[in-house]
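The values are calculated or read from the model by the stated rules, or taken from the named source; none is laboratory data. Keep in mind that this is a model prediction, so the values were computed, not measured. Note: ideal-geometry Cβ built from the backbone for every residue, glycine included; neighbour counts use all protein chains shown.
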Amino acid sequence: MIHRIEPVCQTPLWQQSLANAFSDVDAFIEFLHLDKAILPAARTAAELFGLRVPREFAELIRKGDPSDPLLRQVLPIGAENLPAPGFVRDPVGDLDQSIIPGVLSKYQGRLLLIANGSCAVNCRYCFRRHYPYQEATAYRQRWQEALDHIHQAEKIDEIILSGGDPLTLGDGKLTELVSQLETIPHLKRLRIHTRLPVVIPSRLTPELTRLLTGGRLQPVLVLHINHAREISPELSSGLIPLKQAGVTLLNQSVLLKGVNDSTATLSALSLALFDAGILPYYLHLLDRVAGAAHFEVGIGHARQLQEELRAYLPGYLMPRMVREEAGAPAKQPVF
């Protein structure tokens, strides 16, 4: 059983960073010394899907460079407002897989729990950028309904905490949830999908390490990193206690035009991940969500990248290139 983490009076550094993230387009563009001619389009795009970028991540972006691959992931642009055939609001069919609010049954033996609707960063290609979090999330007051269902689903042995980002929950609330999952006898593994430590490395607190390693469920932390420059020294050092405590660290990326759609960039990412103790897991083709068509990499180019990567990387550093198809029982291999 995980010991309950007592709340402290001082606001943790990571929560302060979360509160101080850039949300104003004008301030963000001024901070990065970008041409203010892009402001009108950026403001319009942000009206539909707001800007949110922690200052720690903003510091990793090259100032004055509008083509920086980290910037491209977070800057609202006019192309988001252009309709594109085949790009829809729920590209992976999440709403069809929702069995009760916040619980998705998508894969054999696993349930996905949308524990929180908040994110630390608004990635412009996010497949849940239109997701109705208010109605379809297992917020704290709905956890019991979700837990009751998991108790009854005896064929389930793994819970995936997703969002939003589950690590936007404070350590106390997260401990409360995980402690209750610990009491369900047929569960064996706890997987957490998160981008928060990448954009705010101080989220990797000693309390989080104790939370993940103090119980009987096998912990797996799946990070979301698309470019080697996202792996800051602070992130690498923050992951050391988790690695030493036996947490499995994986990464999933999205293949994005103008961000990582080259052999050199993807190879550098896999090598940097391994240096940080993280194994490449999935390289997703873009989920065709409305507003993200400008990120799509053609299937021919994706195939070429995969073949070239095989010549550069050992097999254990080759991420599996996959796509998610609505209603499919698992991620689908691309080739």
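A few points about this structure:
- Any hit, segment 27-40, residues being at pLDDT below 95 and either in contact with a strand residue (DSSP E or B) (Cβ under 7 Å, 6 or more places away or on another chain) or not acidic (D, E) (or both): no
- Taken over segment 310-324, residues that are more than 16 Å from Q252 (Cβ to Cβ), out of contact with any helix residue (DSSP H, G or I) (no Cβ under 6 Å at 6 or more places or on another chain) and part of a loop (DSSP other than H, G, I, E, B) amount to 1.
- Boolean, A138 is at pLDDT below 80 and touching a strand residue (DSSP E or B) at 6+ places or on another chain (Cβ under 7 Å): yes
For (1) farther than 21 Å from Y125 by Cβ; (2) in contact (Cβ under 8 Å) with a residue 12 or more places away in the chain; (3) in contact with a helix residue (DSSP H, G or I) (Cβ under 8 Å, 6 or more places away or on another chain); (4) in a helix (DSSP H, G or I), each residue gets a yes or a no:
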residue: E234; (1), (2), (3), (4): yes, yes, yes, yes
residue: Q252; (1), (2), (3), (4): no, yes, no, no
residue: L256; (1), (2), (3), (4): no, yes, yes, no
residue: T265; (1), (2), (3), (4): no, yes, yes, yes
residue: D287; (1), (2), (3), (4): no, yes, no, no
residue: R303; (1), (2), (3), (4): no, yes, no, yes
residue: E308; (1), (2), (3), (4): yes, yes, yes, yes
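- Summed over segment 140-180, the residues that are under 18 Å from L111 (Cβ atoms) and either among the hydroxyl-bearing types (S, T, Y) or without any contact (Cβ under 8 Å) to a residue 12 or more places away in the chain (or both) give a count of 5.
- Set R216, R191: member being part of a strand (DSSP E or B) and at pLDDT 95 or above: R191
- A count restricted to segment 54-68 and to residues that are surrounded by fewer than 21 Cβ atoms within 10 Å (Cβ to Cβ) and of a type outside the set (D, E, K, R) stands at 5.
- With respect to (1) more than 23 Å from the chain's Cα centre (by Cα); (2) in the same structural domain as N116 (by TED's automatic domain parsing), the lone exception for K36 is condition (2).
- Of everything listed in (1) crowded, with 16+ Cβ neighbours inside 10 Å; (2) farther than 21 Å from V322 by Cβ; (3) in the same structural domain as L174 (by TED's automatic domain parsing), the single unmet condition for L51 is (3).
- Considering only residues in segment 82-118 that are among the charged types (D, E, K, R) and part of a strand (DSSP E or B), the one that is surrounded by the fewest Cβ atoms within 10 Å (Cβ to Cβ) turns out to be R110.
- Filter result for the condition that a residue is modelled with pLDDT under 90 and either touching a Gly at 6+ places or on another chain (Cβ under 9 Å) or assigned by TED's automatic domain parsing to the domain that holds P201 (or both), over E158, E145, E154: E145
- Only one of the listed residues (A79, A27, A45) is more than 17 Å from the chain's Cα centre (by Cα), of a type outside the set (D, E, K, R), surrounded by fewer than 13 Cβ atoms within 10 Å (Cβ to Cβ) and not in a loop (DSSP other than H, G, I, E, B). That residue is A27.
- Within this structure, P219 passes the test of being on the phi < 0 side of the Ramachandran plot and either outside the structural domain of R124 (by TED's automatic domain parsing) or surrounded by fewer than 22 Cβ atoms within 10 Å (Cβ to Cβ) (or both).
- Selected residue (criterion: surrounded by the fewest Cβ atoms within 10 Å (Cβ to Cβ)) from residues of segment 245-273 that are farther than 26 Å from Q218 by Cβ and polar (S, T, N, Q): S262
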